[in-house]
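The values are calculated or read from the model by the stated rules, or taken from the named source; none is laboratory data. From a predicted model like this one, the values you see are computed outputs, not experimental measurements. So basically every Cβ, Gly included, is an ideal-geometry build from the backbone, and we count neighbours across all protein chains shown. For the accessible areas, the whole protein counts, side chains as well, though only heavy atoms, and no ligand, DNA or RNA atoms are used. Shrake-Rupley method; radii C 1.70, N 1.55, O 1.52, S 1.80 Å.
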Amino acid sequence: MVSKKIEIAPSILSADFRNLEREVKAAQDAGADRIHCDVMDGHFVPNITFGPLVIEAVKKCVSIPLDVHLMISDPQKYVRDFCSAGSDVLMFHAEAVDDIAPVLQNIKKQGVKTGITVNPDYPVDLFIDELDKIDQVLIMSVYAGFGGQKFMPEMKHKVKKVYTEVQKRDITIDIEVDGGVNGNSAEECALSGANVLVAGSYVFGSGEYQKRISELRELALKGREKLQV
Ligand code: DX5
Ligand code: ZN
């Protein structure tokens, strides 16, 4: 089954990096369930962000879990570093590797939750057979690389596909949606089966973290209620 817990994960990509400690603490105090950390290498995606050092620093600032999204070309090479830096869930792109199994195994070996994702132009078939080895599926609703892009509603069918598949099996998984999540898209994400919502610009780009996080949670709960009917 898909975890029933609705969680909101603000992405620090849109935070003020001059005051990262203050930002992540403010998100936690405002009710965030996790902190989403976007790692970009300038190769798998055109943008460059940060590496394990920043994860390690953020880990020291908050007690909520760190949801780490690797947008890098050779995730296997860095699994150990990101796990020991304090990732609670470590996600990588299936299209970045030849075989997802050894990467999943490596993450699990370090005692960290496994997460997998694909860009909008790749099918979830790249990992659907391995769902029993995965703790979290991340559905990208924008192309990985930048914050503040527009939600792609056609990605909801992927959420639904994973949701349906998970419901059929005896496994528990989190389904997370990432990209363009805001007051207009949150409910439909949950209605399609997602229980974790990433929001970068909608939370950190606003002056009202608590209001935005509560709004997203309420909308997601509304979607979730309808889904169960
Ligand atoms: C995009 C990142 C997202 C990004 C979301 O590559 O994976 O996590 O921060 O930002 P918004 O919510 O602004 O679309
Ligand atoms: Zn992300």
Open item on the list: So if I place +1 on the C-beta of Lys and Arg and -1 on the C-beta of Asp and Glu, and nothing else carries charge, what would the dipole magnitude of the range 79-182 be about its Cα centre? I want it in debye, nearest 20.
Closed with: 240
Open item on the list: Strictly over 21 Å apart at the Cα level, which of K4/K161; K133/K226; K133/K160; K25/K211 would you flag in this model?
Closed with: K133/K226
Task: Low-density loop cleavage sites - trypsin sites (Lys or Arg not before Pro) in the range 1-63, where at most 16 other Cβ are within 10 Å (DSSP) - done: K4, K5
Task: Kirkwood hydrodynamic radius (C-alpha pairs) into Stokes-Einstein, the range 70-168, 10 °C and 1.306 mPa s, D in µm²/s - done: 114
Open item on the list: Just to compare against my own numbers: the Cα pair-distance distribution for the range 1-146, 5 Å bins, whole % per bin, please.
Closed with: 2, 10, 20, 23, 22, 15, 6, 2, 0
- [ ] Output the relative contact order of the chain, whole-number percent, from Cα pairs under 8 angstrom with separation of 6+ residues.
- [x] 23
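Could you state the accessible area per residue of the range 107-155 in Å², with a 1.4 Å probe and every protein chain left in place? Walk me through the numbers before you get to the answer.
Details: 2210 Å² over 49 residues.
Per-residue accessible area for the range 107-155 comes out at 45 Å².
Where the only charges are on Cβ atoms (+1 Lys, Arg; -1 Asp, Glu), what is the dipole of the chain about its Cα centre, to the nearest 20 debye?
Charge dipole, the chain, about its Cα centre: 520 debye, nearest 20.
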TODO: Have a look at I116, N106, Q136 and report the one farthest towards the positive end of the charge dipole of the chain, computed about the Cα centre with Cβ charges (Lys/Arg +1, Asp/Glu -1).
DONE: Q136
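Find, to one decimal place in angstroms, the Kirkwood hydrodynamic radius of the range 121-229, where the mean of 1/r is taken over every pair of different Cα atoms and then inverted. Walk me through the numbers on the way to the answer.
Working: mean 1/r = 0.0704 Å⁻¹.
Taking the inverse mean of 1/r over all distinct Cα pairs, the range 121-229 comes out at 14.2 Å.
Leaving out ligands, DNA and RNA, and with a 1.4 Å probe, what % of the accessible surface on the chain is carbon or sulfur? Mind dumping the intermediate values first?
Values: 4930 of 10070 Å².
Ligands and nucleic acids excluded, carbon and sulfur reach 49 percent.
Suppose accessible area is computed on protein heavy atoms with a 1.4 Å probe; arrange S214, S185 from highest to lowest. Walk me through the intermediate numbers first.
Numbers: S214 45, S185 5 Å².
Correct descending sequence by accessible area is S214, S185.
From the helices alone, meaning DSSP H stretches of at least four residues, give me the mean residue ellipticity at 222 nm for the chain, per-run term -39500 (n - 2.57), in deg cm²/dmol to the nearest 500.
Values: 8 runs with 84 residues, N = 229.
-11000 deg cm²/dmol, from helical runs alone.
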Task: Theoretical FRET efficiency, 1/(1+(r/R0)^6), r = Cβ-Cβ of D121 and D99, R0 25 Å, to 0.05 - done: 0.80
Task: Where trypsin sites (Lys or Arg not before Pro) fall in DSSP loop in the range 139-189, at most 16 other Cβ within 10 Å - done: K150, R169
